[in-house]
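Any read-out appearing in this document is the output of simple, stated calculations on the displayed coordinates, not a laboratory observation. Remember, it's a predicted structure, so these values are computed and weren't measured experimentally. Neighbour counts run over all protein chains shown; Cβ positions are idealised from the backbone, glycine included.
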Amino acid sequence: MIPFALLLPLLVGLPVLLSLASLAGRSPAAILRLCAVGTVAVSLLAAVPVAVVLAGGEPLVMLGDWIRLDALSALHMMVLCIVYSLGALHSPGYFADEVRKNTLDTAAARRYGGLWFGSLSAMLVVLLSNNMGVMWVGIEATTLLTAFLICVHVTPGSLEAMWKYLLMCSVGVAMAFTGTLLLSASTGPTAVHGNESLLWTSLMASAGGLNVTLVKAGFIFMVIGYGTKAGLAPMHNWLPDAHSQAPAPVSAIFSGFLLNASLYCILRTLPIVEAATGGQGWGREILIAAGLLSILTAAAFIVVQRDLKRLLAYSSLEHMGIIALGAGLGGAGAFAAMFHMLSHSLGKSTAFLSAGRIIKAYGTNDMRRLTGTLAASPLWGAGLLSGILGLVGTAPFAIFFSEFMILRAAVDSGEWVTAVLFLLGMCIVFAGALRFLLPMVWKPRDPKPVFPKATVLEHFIVILPLSALLLLGVLMPGFLTKAFASAAAVLGGAQ
Amino acid sequence: MPGLILFLSGLLLAPLLLGVTVRTKAAFAGRRGAPLFQQYHDLVKLLRRGQVMSGTTTFLFRVAPSLALVVTVSAAALVAPSIVSPGWGFPGDFVFLLCLLGLARFFTVSSALDTGSSFEGMGASREVLYSALSEPALLIGFGVLVRVSGEMSLGGMYGGLGSGEWLSAGTALCLVAVSFFIVLLAENSRIPFDDPNTHLELTMVHEVMVLDNSGPDFALITYGAALKLWVFASLIVNLFLTALGGSSFQYIAWFPAGMLLVGVLVGTVESVMARLSLLKTPHLLAGAGAISVLAFILSTRFLQ
Amino acid sequence: MTAYLDIILVALILSDFILLGSGRLGNCIRIAAWQGIMVGLLPIATADAGFSFRIAALGIAVVVLKGFVFPRLLNRAIRESASSREVKPFVGYTTSLLAGVLALSASFWLDGRLSFPLHLESAIVVPVSLSMMFTGLFLVVARRTAVNQVIGYLVLENGIYALSLAIVRDVPFLVELGVLMDMFVAVFVMGIAIYRINMEFDHMDSNRLAKLRG
C-alpha cells in the first residue's frame, strides 16, 4: 500500500511556493509561462490521489482526520485542475499583446501570478479539509485572493465589480461562518466535543443525535452564505459584474470552479442535515427551491442580455441552479448533478476563453456588433459556437444528457411542478441565447478584425475540452460512471 | 398626608427648579447668574401688569392659559403623591397622565393657532411633532414599569419596585430613566431640542407659541411650564427613590435632593451640548423610543 | 459576573442605536471602535472557568484590532480620499432606528423560538448578538459610502463573534484566530480597495458606481 495520502499536504504547499516564485518573476512573459507550467504540474500531481480515490472508492485521510479526500471532493478536484489548467495555458496567448504593448507591466503580472496560485491553493484547502472551519477559511481566502484578479486592468467598471464582489461575498462568507458555528454547536447532546465537533466525518457519524433546530438554522445560514458566493439567486448580483469585468482566464476560473467550490460546501453539509432531520428531504427542498429560482432568474436576464460575457455569466447562474436542483432531487438527480458539474465547467471555460479572444479582437462586448466570428477566426469562432451550443443543452453535447437525467429524476420522484418549471427555464435560455448566436457566428462582416495566429497549443485547449464534451454525451467511460456514482453516494449520505 | 405635602411643595417650589438649572448654566459659564428666586420675581411682575389682547383672537385665546394650567396642576396632583401612597390613583392612571399632558398641549396649540400668526403656527406644528414622537417613548417606558412592578397604577408601580426588582431588572429601569430624561428635555423645550434663551422665532418651539400672550396670562403660562418640568422630573426622581427603599418620611427627605440633582443635570446638559438642528431632533426622540423598547424587551427577558 | 456581562451587552445595543442614528462618519468610526473594545472585553467578562492566558490573549488581540487598528485604517481611508464626512444614508435616520428596533424584537423572538444551548450565563447574549448581526447587515445595505459599509460589516462581525462566544463551548483557538485574521485582511483589503476606488473616481460613493446593471 503506497501512502498516497502523503501527497495531499504537498498539493497545498506546491501552489504556495509557486505563488512566491511568481512574486519574484522577472518579466511578465516569464511569469505567465510559470503560471501555465506550474498549474499543469500541480494538476498532474493532483491527478494521482484523485485517480486513487475515484478508482478505489476509499477516501484518503491524513493528519488525524483533518485532511480527507473522498469521492465527492476528488471529483471536484478533477474539475478544479482541468479548469485551472485550461485557464493557465490560455493566459500567455491572451495577454501576449498587452505584454508587447507594455500595458501589463511586471508588477501587475507578479500580482496576477501570485494571486492565481494563491487562489489555487485556497481552493485545494477547501476541497481537502475535513474540518468545516478550515474549509470556511479556504473559502474566505479564495474570496480575498480572487478579488484583485478582477481588476488586473484598473478601470471604473472593474473597480466597481471588485467592490461589489468583495462586499457581497464577505457578508456571505460571514453568514457561512455563522452557519458553521451553529452546526458545531448542534453537537451539544452528543459525545462529540472540542475540535471533533467541526469534523465532517464525526458530524456524519453522530448525525442522528444532533440538535435538529440548530442543524436547520445552521444549514439555512450556510445556504445563504455559501450561496452568495456560489451565485445562487437572489444573492447573485455580484456575479455578472465580476465575470464580465475580469480578464478571460479569470472569468473562466470564476465560472468554471469558484462557484462550484462554494456550492461544494453546501453539498458537503447536505448529507449531515438530511441524516439529522431524519431523511425527510427538508434540506433537499431548500436546494430545489434555490435551484429553480436561480434557473428562472437567469433565464429572465439571458433574454434581455446584449453583452456576451454577461450572457455567459448568467448562464453560469443557471447552471449552478441546475446542479443545486439535481443535488436536491437526490438519487439519479445527484448523479446527474455531478455529471452536469463536469460538463458545465468544460463547456463554460472554453466558451469564456474563446469569447475573451473574440472580444479582444473586436474591441466590444456587444453581441450586436460581434458578427461573423467564424469567418474572422475559425478556431475561436468555432469554440464560441460549440461552447454556447453545448451550454444551452443542444443534443449531442453532454449537458443535454445531464439535463435530461435531471428532468427524469424530477418526473420519477413525482415533482411535476419542478419538472415543468425546469423545462420552462431551459426553453427560455435556449431561445434567448440563440437569438444572438447565429448572427454572431455567420453574419458576414467587413473588414474582418485581425486575430493573432493561433498556436498549436491553443488549438489543443479549444478542441480537447469540446471533443470531451461531445464524447461524454455519446458514451461515458466506465471509470467516470463509477466516479459520479460514488460522489453521488456521498451526497446521498453514504460514508 | 405625606402625599399632600409633596403636592403642595411641588406647587410652591416648581419655579425654584428652573432657578437651579439657570444657576448651573451660569456656573458653567463662569458667571454668578440670576438669583435662585428670580422666577418668582418675574411671576409677580407679570401678574401686576396689564394685558393686551390681539384683535384677531377669540375667546379660546383668553381661556386657554388658565385651562392649560388647571390641567397641569391636575397632572401634578396625580404624580406627586404616588411615591408615598401606593393606594393613590387607579389602574391605568399613567395613560390618564398622558391624556392630561396632551390636553394641556391641545390648549396651548389651539390658542397659538387662534392668533393666526404664521410663526405661532410653525411652533405649534413642531410641538405636535415632538409630542407624537415622545408619547410612544413615555408610554412604552411606563409599560416597562408596569411589567416590572406588576401594578397598573402610578402609586402601585412605584410601591411595587424595590431593591429586588432593581437587582434583577436594574438595566431596564435605568434605560427607562434615560428615555424619560430625553423626553423631559424635549417636552420642556430644553437644549438640545430647543433653546429657552433664543429669541429667533424661526427656531423656537414653545416660546414661539406664546408670543402673543402678556401680563397675567403669560404668568400662568410660565408657571405652568415650571410645573410641567417638575412633574417630569418627579417621575424620574421617584423611580430612583424606589431603589433606596424606606418609609414615607425618608422619601420626603430624599425627594428634594433628587429634584436638585435633576435640575443640575438639566443645566449641565444645556451647558455641554449644542442645540441640535431642527431636522435632527426627531432622531433623538426616536432614539428615546428605541431605548424604551429595548428596556421593555429586556424586562420581559429578566423577569421570566 | 452576570451583571457586568449584561451591562456590556446593553451597551452594545445602545452603540448599535447610535450607529443607526448618527450622521457623522467620524462619530460612526469612534462608536464602532468602542463597540469593538466592548466585544473584546466579553471573553474576559465570561472567564468563569479561570482567567487563562489564552482568553487574555484573545481579548487583547480583539481590543487592539477592533478598537485601535481598524479605526485608524478607516480614518486614513477617509483622509486620503478627502471624501465627505457625512454618512449619506439611503434610508433616513429615524427609519433606520425603527429598523434597529424591529431587528432587536425579531432577534428576541427568534431566540425564543430556537432555544440555543447557552454556554454563558446571560439571558440576553444570543438575542443581542443576533440583533448586532441584523444591524450590521442593515448598515451594509442602507448606507451609501464605502467606509460606512465597512463599518456595517464590522458590526456584523462583532455580532458573529459574540454569538460564537455564547453558543460554542470549545471551538479551537485556531479557528477563532482565523476569524480575526480574515477580518483583518478583509478590512485591510477593503481599505486598499477604497483607496483605489477613490484614485479612480475622486469619490468612494459606491452608489454612483452603478453603471453595471442588467
Roughly what angle does helix A:259-276 make with the longest principal axis of chain A, taking Cα atoms, 0 to 90 degrees, to the nearest 10?
20
Plugging the Cβ-Cβ distance of B:PHE96 and C:ARG24 into 1/(1 + (r/R0)^6) at R0 = 41 Å yields, to the nearest 0.05, a FRET efficiency of 0.50
How about B:LYS280: which lysines have a C-alpha closer than 18 Å to its C-alpha, ignoring those fewer than 8 places off in the same chain?
C:LYS88
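As an exercise, identify the trypsin sites (Lys or Arg not before Pro) in region A:15-107 lying in DSSP coil whose Cβ has no more than 16 other Cβ atoms within 10 Å. Before the final figure, lay out the partial values.
Details: sites: A:ARG26, A:ARG33, A:ARG68, A:ARG100, A:LYS101; in loops: A:ARG26.
Counting only loop positions with at most 16 other Cβ atoms within 10 Å, the trypsin sites (Lys or Arg not before Pro) in region A:15-107 are A:ARG26.
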Where labels lie 7 Å past Cα in the beta-carbon direction, separation of B:SER248 and B:SER271 in nm:
3.8
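Run the dipole for chain B about the Cα centre, Lys and Arg Cβ at +1, Asp and Glu Cβ at -1, nothing else charged, and hand back the magnitude in debye, nearest 20. It would help to have the intermediate numbers written out before the result.
Details: 16 positive and 16 negative charges, 114 e Å.
Approximately 540 debye in magnitude.
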Flagged as over-length at 31 Å C-alpha distance, from A:LYS348/C:LYS66; A:LYS229/A:LYS448; A:LYS309/A:LYS482; B:LYS25/B:LYS228, the pairs are A:LYS348/C:LYS66; A:LYS229/A:LYS448; A:LYS309/A:LYS482
Please order B:PHE28, A:PHE339, C:PHE138, A:PHE451 by the number of other Cβ within 10 Å, starting at the fewest.
B:PHE28, A:PHE451, C:PHE138, A:PHE339
For region A:146-280, size of Cβ-based charge dipole, Lys and Arg +1, Asp and Glu -1, in debye
60
Within 10 Å of each Cβ of B:96-105, how many other protein chain Cβ atoms are there on average?
0
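Quote the charge dipole size of the protein assembly as shown about the Cα centre in Debye, to the nearest 20; the model charges only the Cβ of Lys and Arg (+1) and of Asp and Glu (-1).
Dipole magnitude for the protein assembly as shown comes out near 2420 debye.
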Cα-based reach from B:LYS45 at 16 Å (exclusive), listing lysines while leaving out same-chain residues under 8 positions away:
none
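Counting other beta carbons within 10 Å of each Cβ, put B:MET1, B:MET122, A:MET123 in order, fewest first.
On the way: B:MET1 9, B:MET122 18, A:MET123 29.
Arranged by neighbour count, lowest to highest, B:MET1, B:MET122, A:MET123 become B:MET1, B:MET122, A:MET123.
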In region A:288-495, if the dipole is taken from +1 on Lys/Arg beta carbons and -1 on Asp/Glu beta carbons about the Cα centre, which of A:VAL304, A:HIS459, A:MET405 is farthest to the positive end?
A:HIS459
Förster radius 25 Å - calculated FRET efficiency between A:HIS459 and A:PHE430 (Cβ-Cβ, nearest 0.05)
0.30
The answer for the net charge of residues other than A:LEU199 whose Cβ lies under 11 angstrom from its Cβ, with Lys and Arg +1 and Asp and Glu -1, is -1
Set Lys and Arg Cβ to +1 and Asp and Glu Cβ to -1, take the dipole of the protein assembly as shown about its Cα centre, and tell me which of B:VAL205, A:ALA233, A:GLY281 lies farthest positive.
A:ALA233
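Arrange the following residues from fewest to most other Cβ atoms within 10 Å of their Cβ: C:CYS28, B:CYS174. Each step should come with its number before you reach the end.
On the way: C:CYS28 25, B:CYS174 18.
By the 10 Å Cβ count, ascending: B:CYS174, C:CYS28.
Just add up the charged neighbours of B:VAL128: K/R +1, D/E -1, any other residue whose Cβ is under 13 Å from the Cβ of B:VAL128.
Details: positive: B:ARG105, B:ARG126; negative: B:GLU120, B:GLU127, B:GLU135, B:GLU187.
Surrounding charge for B:VAL128 is -2.
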Name the residue from B:MET53, B:SER125, B:LEU101 whose Cα lies farthest towards the positive end of the charge dipole of region B:14-164, charges +1 on Cβ of Lys and Arg and -1 on Cβ of Asp and Glu.
B:MET53
Computed over chain A: longest principal axis from alpha-carbon atoms vs helix A:416-442 long axis, angle to nearest 10 degrees, is 20
At 222 nm, what value in deg cm²/dmol follows for the protein assembly as shown if DSSP H runs of at least 4 each add -39500 (n - 2.57) and the sum is divided by all its residues, to the nearest 500?
-25500 deg cm²/dmol
Between the Cα axis of helix A:308-329 and the main Cα principal axis of chain A, the angle (0 to 90°, nearest 10) is 20
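What does the net charge come to around B:THR281 if you take all other residues with beta carbon closer than 11 Å to its beta carbon, with K and R at +1 and D and E at -1? Walk me through the numbers on the way to the answer.
On the way: positive: B:ARG126, B:ARG275, B:LYS280; negative: B:ASP194.
Once all neighbours under 11 Å are counted, the net charge is +2.
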Within 10 Å of each Cβ in A:172-181, the average number of Cβ atoms from other chains:
5
